[in-house]
1. With the checklist (1) out of contact with any Leu (no Cβ under 9 Å at 6 or more places or on another chain); (2) among the polar types (S, T, N, Q); (3) farther than 15 Å from Arg178 by Cβ in hand, flag the one item Ser385 doesn't pass.
2. Consider Lys12 against the criteria (1) at pLDDT 90 or above; (2) farther than 26 Å from Met219 by Cβ: it satisfies all of them except one. Which criterion is unmet?
3. Given the structure, is Thr23 without any contact (Cβ under 8 Å) to a residue 60 or more places away in the chain, in a helix (DSSP H, G or I) and either farther than 24 Å from Leu229 by Cβ or not aromatic (Phe, Trp, Tyr) (or both)?
4. Just a yes or no: is a residue in region 179-189 among the polar types (S, T, N, Q) and assigned to a helix (DSSP H, G or I)?
5. On the given criteria, is Val425 in contact with a Ser or Thr (Cβ under 8 Å, 6 or more places away or on another chain), open to solvent by less than 40 Å² (accessible area, probe 1.4 Å) and not hydroxyl-bearing (Ser, Thr, Tyr)?
6. Which of the residues belonging to region 62-77 are open to solvent by 50 Å² or more (accessible area, probe 1.4 Å) and under 22 Å from Arg22 (Cβ atoms)?
7. Return the residue satisfying two criteria in turn: it lies in region 104-114 and is closer than 27 Å to Leu237 by Cα and not in a helix (DSSP H, G or I), and of such residues it is least open to solvent (accessible area, probe 1.4 Å).
8. Could you identify the single residue in Arg120, Arg151, Arg115 that is of a type in the set (Lys, Arg), at pLDDT below 90 and closer than 24 Å to Ile82 by Cβ?
Amino acid sequence: MPKHYRPAGKKKEGNAAKYITRTKAVNYLQVSLAIFRKLCILKGVFPRQPKKKVEGNHKTYYHTKDIAFLAHDPLIEKFREIKVHRRKVKKAVAKKNRDLADRLLNRPPTYKLDRLVLERYPTFVDALRDLDDCLTMVHLFAALPAVDGERVEVKRIHNCRRLSHEWQAYISRTHSLRKTFISVKGIYFQAEVQGQKITWLTPHALQQVLTDDVDFNVMLSFLEFYETLLGFVNFKLYHSINVNYPPILDPRLEALAAELYALCRYMSAGSRRMIGNSQSDEVMEDKDEKSKADGITEEEKDVKNKASSKADESELRLAQLQHQLPTNEPGALMNLVEESTADDADDDDTKECKGLFKNLKFYLSREVPRESLLFIIPAFGGTVSWEGEGAPFKEVDEDITHQIVDRPTQSHVFLSREYVQPQWVFDCVNARIILPTEGYLVGRVPPPHLSPFVDNDAEGYIPEYAETIKRLQAAARNEVLPLPGIGDEDLDNSLVAAMMDRTESNEAAEKKRKLEMLEKQYHDELKMEIDGVAFSSLSNKEANKSPDAKDDTQSDHEADAIKQEEKDDDDIGTALMSRKQQGLYKAMKMGKEKKKEKIELLKKRKKNADSSASSKKRH
């Protein structure tokens, strides 16, 4: 009888009952492979890796409960209706019944994915945690060419562009951006929304080409769900800051491809309008309560009269303050109230990001990446304009402090502003300080662009420019301070105690070294006595040796002894470990060795780069 023999009629057990192959799952659901793949993507069902693959290692396995979960979903019936509808259209076209074909094409079966978003993400924080891939995919399709006849519909590309700009406008408005990095793949951004760190990648502003190496059907299935998810997230975030969604943009700015600037204007105006409406509603409610409260005791009436007189005085003061504000800015008082309350509610990190580019005015030349800078600069409190129609201010504005350029020569130069390369903005954002502009001037090779996502202390190698930035940060924040919780007397006492501990440790190390030397000498004498060497010959050899040679041999012996001691300790430790622990220990040692080799390689490259730069300067 075979080892895995199962009699007929006996129920399956173990992995055979828990997992099912993809072929059996497709046959069980009675759908095609393409529809099955789309269903799995939309529902969030992914292949599993069972410990024991019953039907072979070359097959794909799914959990049986996941397949039963798909079988009861209403989407599967919608996909069957779509398949039947396409067959009817094809049949009508084949019979040359054009009227029937047109009627069928105008009424295709539709479905919504709203239910799936709530099903997969019960809370809003769950949706934010899973937003990284969603944002990367949406920004990728937003950069594709919107051309009819391509594999991606034009309306899908426009929708992705709209969703991406809405997300960027919210991040810029709430000053939630934390890190950014320019790489070969694109530009990485990291934002912090409601305590969740969200990282996404946007491609460079270049002409994208649709290749045949990518299965766009799979990517479009992911995009279909991600569009719905991001729409819900944007809706929730916009309402959290009292802004209506979806936004209504200025058609003139939208026609000039300045959607992000138009969104920022809409959000600032919308938040003021919502605050004004809420305050007017409160005033109406107060009036209704006053009208209902007639016919009460005289004491209560007196109290209410006093309260109303105080309210009238406060309204009068507010009106006087309103007259002092600029008349050409509607709702300026509400804007000030909103900003003051927002400042109180913001945390320290948000306040630091909000005031980085405060009182700085930027102007973008036509050759720099406009969209990324329009996103970053307002997110850190700066004011920005660009070269072209729809810009808030022109290049001749005298209040401009920095002009971002990326070409070596300029037709005209304003002496009242600084001309820097785009990398300066990204490095200032990552360092959280205004860096000196000397290294980023036009025509110069800028400093290395360091990634904020790499922990230099953990990697073991700190670049030279990172140390320079640390010194600048310490100088900007005045971090030369005593230890927290230690006064002058405590500091003196701690220094004295540290000096005493250090002298004691030095004395102990000296005693240990002398004992080791005496022990070594004793072992050498015993060895010579066994070999039959006379003590007089040994003393003559020692006298003939120079003191430098003695020191060298002594240091070599000490180094060998230390290495041997470390090796013995490792051998003793590994002997007491189990086989699994020994494997983990070896893997840790290999990782440390690789890390050390990487650091040595980086140091070598740095040395070669410095030597080549110095040789070029000489020539």
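The values are calculated or read from the model by the stated rules, or taken from the named source; none is laboratory data. The structure displayed is predicted, hence computed values, not measured ones. Note that we place each Cβ from the backbone using ideal geometry, even for glycine, and neighbour counts take in every protein chain shown. Surface accessibility is based on the protein's heavy atoms, side chains included, excluding ligands, DNA and RNA. Shrake-Rupley method; radii C 1.70, N 1.55, O 1.52, S 1.80 Å.
1. Status for Ser385: all satisfied but (1).
2. (1)
3. Criteria met by Thr23.
4. Looking for residues that are among the polar types (S, T, N, Q) and assigned to a helix (DSSP H, G or I), one finds none in region 179-189, hence no.
5. No, not satisfied.
6. Matches in region 62-77: Thr64, Lys65, Phe69, His72, Glu77.
7. Taking the candidates together, the pick is Leu113.
8. Just a single option satisfies the conditions, and that option is Arg151.
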